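The values are calculated or read from the model by the stated rules, or taken from the named source; none is laboratory data. From a predicted model like this one, the values you see are computed outputs, not experimental measurements. Here the Cβ positions follow ideal geometry from the backbone for every residue, glycine too, while neighbour counts run over all protein chains shown.
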Amino acid sequence: MCSRPIPSPSSPSPRPPRRSLLTAALAVTAAASLSRAGTALAAVPEGAARRSSGTVDHHSWSTLADWRAGTRAGTAVRDGRRPGVVLDRPAGTLEYTDPHTGTTARWEYATWTSPVRTLSAPATEIIASWNAHTPPGTWIQTEVRAAYADRTQTPWYVMGRWTSSDAAGDIRRTSVDGQKDGRSSVSTDTLAVVPASGARFVSYALRLTLFRRPGGGRTPTVWRVGAMGSEIPDRFTVPASKPGEGAGHRLSVPRYSQEIHKGQYPEYDNGGEAWCSPTSSQMAVEYWGRRPSAADLAWVDPSYADPQVCHAARFTYDHQYKGCGNWPFNAAYAATYRDLQSTVTRLRSLNDAERLVRAGVPVITSQSFLAAELDGAGYGTAGHLMCVTGFTKSGDVVVHDPAAPSDAAVQRVYKRRQFENVWLRTKRHDAQGRVKSGSGGVCYLYFPLELSAAQRRALRQVGVE
C-alpha cells in the first residue's frame with residue numbers, strides 16, 4: 001500500500017525522509033559561480049505577511065516572451081511551436097560527484113533565471129515544477145530563491161536535479177534534502193517556512209541550470225517552469241462545497257492497479273505496492289492518448305501485466321527520497337510524452353476539480369486518512385495519490401484509486417464530504433491520536449499543448465495558464 005508522508009504547509013520539515021539522508025551538493029566553487037546569475041528579489045511590507053490565508057499563487061514561464069524576459073548566462077531561447085530555453089554557449093564547467101553512483105564527472109553548464117515573481121499573498125510554502133527534454137548526457141537543475149517580508153532572502157535552494165534518462169554515465173534523478181537557513185527548509189520537493197520563525201515568502205525567482213558533457217552537441221530543452229506558492233490555514237476540517245458543474249460527468253480514463261505489481265522491481269521503492277503516484281500518472285498520461293513505445297518497455301519482464309506502470313515507476317524514481325512519490329518528478333515524467341504539459345498546484349475545493357473534469361481534464365490528488373475516514377477505501381494511509389475522473393449526479397467523487405486488487409476494481413465512488421476533507425485539510429490524527437499533516441489540496445494536472453477553449457478556461461479558473 002502506498003504510504004507517502006505528506007508535507008504540511010506549516011511544517012519546518014515537510015516530508016521526513018524515510019531512510020537515512022544522503023548528502024549531495026555541487027562543489028563550492030560551482031555554487032559560487034552559479035550564484036552570479038542571481039536576481040534581486042522584491043520586498044513586501046511586513047504587515048502583508050498576515051493579510052491573507054487560504055491563498056494559492058501559481059505562475060509559470062512557457063511562452064517565447066516569458067523566456068526572453070529571463071536573465072540568460074550561456075542559454076538561448078528557441079522559438080517554435082513549443083518555445084523553450086537551451087544550452088547555447090557554456091557559462092562554465094564544474095565537477096559533480098553523483099552521491100548515488102559515486103561517479104565524478106565534468107559538465108558544461110549555462111543558466112536561465114526568471115524575473116522576480118511577487119506572490120499575490122504571502123506564502124508559507126513553495127513547490128516548483130518543470131517540463132523538459134533531456135537527451136542522454138544532459139540534465140537540469142531547478143532552484144528557487146525566495147524573499148521574506150523583511151527584505152532578506154533565502155539561499156538558492158535546489159528543488160531537483162532531473163533527467164529523463166538513467167542510462168550508464170548519466171546522473172541519477174535526485175532531490176536534495178538538508179537545505180535550510182533557520183527560517184525555511186527544503187524536504188524533497190517542498191520549500192516551507194519554519195512555523196516558529198513567523199516568516200512568510202513574499203516573492204521568488206527560479207533558476208534553471210542546463211548541463212551537458214563537455215564538447216557535446218546535445219542540450220536539454222526546458223519548455224515550461226513554474227512554482228506554486230501558498231498559505232493554507234492549519235485545519236482538521238474544511239468547508240463543505242456543494243455539487244457544481246462537474247456533477248454527472250465522467251471521463252474515460254484507463255484503469256491501472258498498483259497492487260498487481262507488488263514485488264516487481266523492488267529497487268524502485270520496494271515494488272508496486274508503493275507505486276500510487278506513477279500509477280496515477282500513467283493513467284492520466286494514457287487518457288491523453290500517450291504511452292511508452294514497445295522499445296521503451298523492452299526492459300520489462302514480459303510476464304508482467306501493464307508494463308507501462310513499471311516504466312512510470314522507474315522514470316519517476318527519486319534516488320534521494322528512495323521513492324516514486326516526488327511530486328514534480330511525476331509531473332516532469334508526464335511532460336516527456338509528445339506535446340503533454342504538466343504542473344503541480346493546489347486547488348481550493350472540489351468545485352475546482354469539477355470545473356476541470358467538466359472540461360475534460362482529470363485531477364491527480366494527494367491525501368492521507370484513516371480507513372474509517374473514507375468509506376469504501378478499505379485502508380488507511382499516511383499519503384496516497386489517486387486520479388479524480390468524475391462525479392456522480394449527486395456530487396460524490398468518482399476516482400481511479402490504484403490501491404485496488406485488480407485493474408477492474410480501480411474505479412470507486414467516495415462520499416463527497418469525506419473525500420473533500422481528507423484531501424484539503426492540513427492536519428489530521430493518526431491511529432494513535434497523534435497530530436499529522438495533510439496535503440492541503442495538492443494535485444498534479446496534465447494537459448496537452450493544444451487545448452480547447454473550455455479546457456483553457458477551466459485551467460485559468462484554477463490559476464493555471
Requiring at least 2 residues that are at pLDDT below 50, the strands (runs of 3 or more DSSP E) wholly within segment 1-109 are none
Going through segment 276-303 in order, the residues found to be crowded, with 20+ Cβ neighbours inside 10 Å, closer than 28 Å to Val413 by Cα and either in contact with a His (Cβ under 6 Å, 6 or more places away or on another chain) or free of Cβ contacts under 8 Å to residues at least 60 places away in the same chain (or both) are Cys276, Pro278, Gln282, Met283
The lone condition Arg161 fails out of (1) outside any strand (DSSP E or B); (2) of a type in the set (Lys, Arg); (3) under 14 Å from the mean Cα position of the chain (by Cα) is (1)
Cβ pairs under 6 Å, 6+ apart or interchain, first in segment 313-325 and buried (at least 24 other Cβ atoms within 10 Å of the Cβ), second aliphatic (A, V, I, L, M), ordered by first then second residue, are Gln320/Leu22; Cys324/Ala313
In segment 105-121, anything charged (D, E, K, R) and over 20 Å from Ile140 (Cα atoms) is listed as Arg117
Item to check | Residue match in segment 317-324 (condition: assigned by TED's automatic domain parsing to the domain that holds Asn421 and under 15 Å from Cys387 (Cα atoms)) | outcome: no
Those residues of segment 104-131 that are in contact (Cβ under 8 Å) with a residue 12 or more places away in the chain and surrounded by fewer than 18 Cβ atoms within 10 Å (Cβ to Cβ) come to a total of 6
- Does at least one position in segment 229-238 carry a residue that is touching a residue at least 40 places away in the same chain (Cβ under 8 Å), within 24 Å of the chain's Cα centre (by Cα), buried (at least 17 other Cβ atoms within 10 Å of the Cβ) and closer than 30 Å to Asp79 by Cα? yes
